[in-house]
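Take a look at the structure below.
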Amino acid sequence: MITGIHHVTALASDPQTNIDFYVGVLGLKLVKTTINYDDPGMYHFYYGDGVGRPGTILTFFPLGGIRRGRIGTGQVVSTALSVPVGSTKHWSERLTEHGVPFDARQTAISLADPDGLALILKEIEGDVRPGDNDAGCVAPEFAIRGIDSVTLQVAEAAPTLELLTERMGFDISQDGDGRFTAASDVSGNAVYLHESEEGDARGLSGPGTVHHVAFRLPSDAEQDKWRDELLALGYHVSPVMDRQYFHSIYYREPGGILFELATDTPGFLADGETVETLGRRLQLPQKLEAKREIIEAHLPKLRIP
Ligand code: ZN
């Protein structure tokens, strides 16, 4: 069974700017500093709560100074992060202090990260996730609890909706604007679905856009089952990929958005890092450890706030 959102992976430009924003401003913890396994010349950052629990993870590939992408149809168009009830005022002040433009309503704040990625800080009642974070840039009573939801935008809602509800087990509801919510009753489980309107541009991949959204699976056995099922339905599904901290399969939903199903295990301590040292040292997959010196020499130096 899919138990919620595992992580959201997005594209960024400058690595240091990305760290300064997610750690220094949003107060997430950099739980893993590694490289893009498919392109070792590029960092891969994972941010999350104190131990990087599934459902709290945002990950980024900082691509360098290339042109920004465009948010639009065929993409995850926004990602909402859960914050404690009553914390909107604090967050408004904090964003103002850091010079981050935002749009605050009663219980939610819309903002963009330095590359233009659309984020929402949303007060969520009854989110029991601890939001613990020993990095400590944001006081615990205001800290981000994890991902609340993602919003998908597709040209035609029906096929995506069918996949989410009939196959992936989400319940569905529809609001007054005819927009759909696929969710279960646990925080970190909602998928909002928007059908594009005339004139909505197609999304273009690049810094400031989401690359994929990953959903949680409890075990490898469950993942094998899902892979068989999706293949039987005619989806092109990747082989199981070992991402060291979880195992993943990928497929495109009918609207073109890349979905991943990732296991909860083994988690971010799998490489021997401890809760205290998470993210501090560049972690490489075993097969690239011998090339560490060369890889490190080619990556820009980082400063973690
Ligand atoms: Zn992923």
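No value in this document is a laboratory result; all are computed from the given coordinates. Computed from a predicted structure; not experimentally measured. Backbone-built Cβ (ideal geometry, glycine too); neighbour counts: all protein chains shown.
If both residues of a DSSP beta bridge must be in the chain, then about 65% of such bridges are antiparallel.
From the C-alpha coordinates alone, can you work out the Kirkwood hydrodynamic radius of the stretch 98-166, in Å?
Every distinct Cα pair counted, the radius reaches 14.9 Å.
Loop sites here are GluC sites (Glu not before Pro) outside DSSP states H, G, I, E and B with no more than 15 other Cβ atoms within 10 Å. The longest part of the chain free of them is 1-124. Remark: the residue 105-residue 231 segment gains 41.0 nm on full extension, using 0.36 nm per residue and subtracting the alpha carbon distance.
Taking the chain as a Gaussian network of alpha-carbon nodes connected by springs under 10 Å, the highest mean-square fluctuation of the residues 294, 124, 144 belongs to 294. The translational diffusion coefficient of the stretch 199-244, from Stokes-Einstein at 25 °C and 0.890 mPa s with a Kirkwood hydrodynamic radius over alpha carbon pairs, comes to 183 µm²/s. Given R₀ = 22 Å, what would the calculated FRET efficiency be for residue 166 paired with residue 205, taking r from the Cβ atoms and rounding to 0.05? After rounding, the FRET efficiency stands at 0.20.
Net charge in the neighbourhood of residue 18 (other residues with Cβ under 11 Å of its Cβ; Lys, Arg +1, Asp, Glu -1) is -4.
Ranked by how many other Cβ atoms sit within 10 Å of their own Cβ, fewest first, the residues 181, 17, 151 fall in the order 17, 181, 151.
Restricting the stretch 92-172 to chymotrypsin sites (Phe, Trp or Tyr not before Pro) that sit in a DSSP loop and have at most 10 other Cβ atoms within 10 Å of their own Cβ leaves nothing.
For a distance above 17 Å, tell me the whole-number percent of Cα pairs in the stretch 171-305 that qualify. Every Cα pair in the stretch 171-305 considered, those over 17 Å come to 74 percent. For the stretch 1-139, the convex hull drawn through the C-alpha positions has a volume of 138 cubic angstrom per residue.
Going from the fewest other Cβ atoms within 10 Å to the most, the residues 191, 237 appear in the order 237, 191. Exposure proxy shown here: for 107, 263, 88, the number of other Cβ atoms within 10 Å sets the order, fewest to most, as 107, 88, 263.
In angstrom, the C-alpha Rg and Dmax of the chain are 18.5, 57.
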